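Colleague: Quick one: the structure is below, and I'll ask about it shortly.
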Amino acid sequence: MAVYLDNNATTRTDPSVVQAMLPFFTEQFGNASSAHAFGRQVAGAMRQARRNVQALVGAAHDDEIVFTSGATESNNAAIASAIATQEGRDEIVTTSVEHQAILALVEQLAKAGVKVHLIAVDSRGRLDCEAFRSALGPRTAIASVMWANNETGTIFPVERLAGWTRACGALFHTDAVQAVGRVPIDLKVSNIDMLSMSGHKLHGPKGIGALYLRKGTKFRRLIWGGGQERRRRGGTENVPSIVGLGKAAELAAERLDREPVRVAALRDRLEQSILQNGHCKVLGDHCNRLWNTANIAFEHLEGEAIVHHLNRGGIAASIGSACSSGAMEPSHVLRAMHVPASSLRGAVRFSLSHETTAEEIDQVVRALSDILARLRGMSLEFANPASNA
């Protein structure tokens, strides 16, 4: 039986989402900007999708939702707009463990003269909140902090950070890709000005996302063109995917009432069983993390090898590293957490979903125990334990 535990990378598109999308390829194919019946019918479906997303994130108004091609575009639009519209402010505060959709952008902005403050995390991936607060000042244009880390699941106190940011007159943005649909969000009562989300992380289609833009927030569009999205994002709308995102948001809101406790129990079962193999530990903030995410570091082993053998057994998980200059480098998140060298390359992330079953968890535990025994049998460190004393 194939087992998929890489849901932080992408999720299976829900069959109900696919069914909702299909008519908009063939039957309801009009352009939402057209004045005739074909266009009005499609525009109505888009309005409903917008309301579904609004409800999921607790936005006060449906026109605070701007559809984009995904979270990368939303992140870029939010930060670039803040730098362009916040007069007299040319500094960004963010963290050392953000997704590359943030870090790659701020690196480019730094080359153009924008001052970037990268706030550190501790060994559990928790943000240095005092350093964050100290970095805010009269020249801060925007602070951008992910709601939950994609590798460890550690949740950041974004509501508190947003309050501090607003107090200094700057905008606050959060990359909430891993949080939307997994934690309750009510933007009506928050100080968050902008929030990014992506459809394919909550069982919707790829290539669609949204940017929450608080009403009244100054905004300069990233993509110029026609008057779509109330002149905030040019280009003919991707209607089938927007409808799919709306349906995925509706389903995610329904699941929030029942799935977190059940899946968290499966996550804990997985971790506790794996830890019995010894020489491994769970990374991240154990007390404040996503209920679907387990990142486990195995001492003196390569995570890449573990994932390879899992894949051969029909099990999908992911390594805690990224491709850099053609070579596999340790994850920037784990390096920022100062994970010991003996475990740095041995991290494997398992990310569950509402579709994960107890039988699948037990299958992974059995397979992984066999894999660890084989790999340790070939490891010089385990063959000569005295050499590590």
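Colleague: Here is a list: I242, I185. Which entry is assigned to a helix (DSSP H, G or I) and either crowded, with 24+ Cβ neighbours inside 10 Å or within 20 Å of the chain's Cα centre (by Cα) (or both)? Lay out the reasoning, then the answer.
Modeller: On the way: I185 fails: assigned to a helix (DSSP H, G or I).
None of the other options fit; the residue is I242.
Colleague: Any residue in region 232-254 that's acidic (D, E): show its pairings with residues that are part of a helix (DSSP H, G or I) and open to solvent by less than 40 Å² (accessible area, probe 1.4 Å) at Cβ separation under 7 Å, as long as the two are six or more apart or on different chains.
Modeller: E237/M46; E237/Q228; E250/N52
Colleague: On the basis of being modelled with pLDDT under 95 and either among the charged types (D, E, K, R) or in a loop (DSSP other than H, G, I, E, B) (or both), does G216 make the cut?
Modeller: So G216 fails the test.
Colleague: List the strands (runs of 3 or more DSSP E) inside region 73-170, counting only whole elements, that have at least 2 residues being open to solvent by 30 Å² or more (accessible area, probe 1.4 Å) and not acidic (D, E).
Modeller: 115-119
Colleague: Another question, if that's okay. I'm checking my understanding of the structure. Among residues of region 306-331 that are of a type outside the set (G, A, S) and modelled with pLDDT under 95, which one is most open to solvent (accessible area, probe 1.4 Å)? Before the answer, list the steps.
Modeller: Going residue by residue through region 306-331, those that are of a type outside the set (G, A, S) are 306-312, 315, 319, 323, 328-330.
After this cut, where a residue has to be modelled with pLDDT under 95 as well, the list is 319, 323, 328-330.
Working: I319: 45, C323: 102, M328: 73, E329: 76, P330: 18 Å².
Only one residue fits best here, namely C323.
Colleague: Under 6 Å by Cβ, and 6 or more places apart or on different chains, what pairs join a residue from region 122-149 that is more than 27 Å from T85 (Cβ to Cβ) with one that is aliphatic (A, V, I, L, M) and open to solvent by 40 Å² or more (accessible area, probe 1.4 Å)?
Modeller: Pairs found: D128/A120.
Colleague: Out of all the residues in region 32-70, which are surrounded by 14 or more Cβ atoms within 10 Å (Cβ to Cβ), at pLDDT below 90 and either among the hydroxyl-bearing types (S, T, Y) or not in a helix (DSSP H, G or I) (or both)?
Modeller: Across region 32-70, the qualifying residue is only A32.
Colleague: Moving to a separate point now. Of all helices (runs of 4 or more DSSP H) completely enclosed by region 261-360, which ones contain at least 2 residues that are under 30 Å from P15 (Cα atoms)? Let's see the steps before the verdict.
Modeller: Values: elements: 303-312, 332-336, 341-344.
The qualifying helices (runs of 4 or more DSSP H) are 303-312.
Colleague: Taking F25 as meeting all but one of (1) within 30 Å of Q363 (Cα to Cα); (2) open to solvent by 20 Å² or more (accessible area, probe 1.4 Å); (3) touching a helix residue (DSSP H, G or I) at 6+ places or on another chain (Cβ under 9 Å), write down the number of the exception.
Modeller: So F25 meets the others, but not (1).
Colleague: Within region 254-307, restricting attention to residues that are touching a strand residue (DSSP E or B) at 6+ places or on another chain (Cβ under 8 Å) and of a type in the set (K, R), which residue is nearest to T357 (Cα to Cα)?
Modeller: Only one residue tops the list, namely R267.
Colleague: Does A265 satisfy being at pLDDT 95 or above and touching a Gly at 6+ places or on another chain (Cβ under 9 Å)?
Modeller: Spelling it out, it is not the case that A265 is at pLDDT 95 or above and touching a Gly at 6+ places or on another chain (Cβ under 9 Å).
Colleague: Go over the candidates N277, N288 one by one and state the one that is more than 24 Å from Q363 (Cα to Cα), surrounded by fewer than 18 Cβ atoms within 10 Å (Cβ to Cβ), modelled with pLDDT of 95 or more and of a type outside the set (A, V, I, L, M, F, W, C).
Modeller: N288
The values are calculated or read from the model by the stated rules, or taken from the named source; none is laboratory data. Since this is a predicted model, take the numbers as computed values, not measurements. Note: ideal-geometry Cβ built from the backbone for every residue, glycine included; neighbour counts use all protein chains shown. Areas reflect the complete protein model, heavy atoms only, side chains present, ligands, DNA and RNA absent. Shrake-Rupley method; radii C 1.70, N 1.55, O 1.52, S 1.80 Å.
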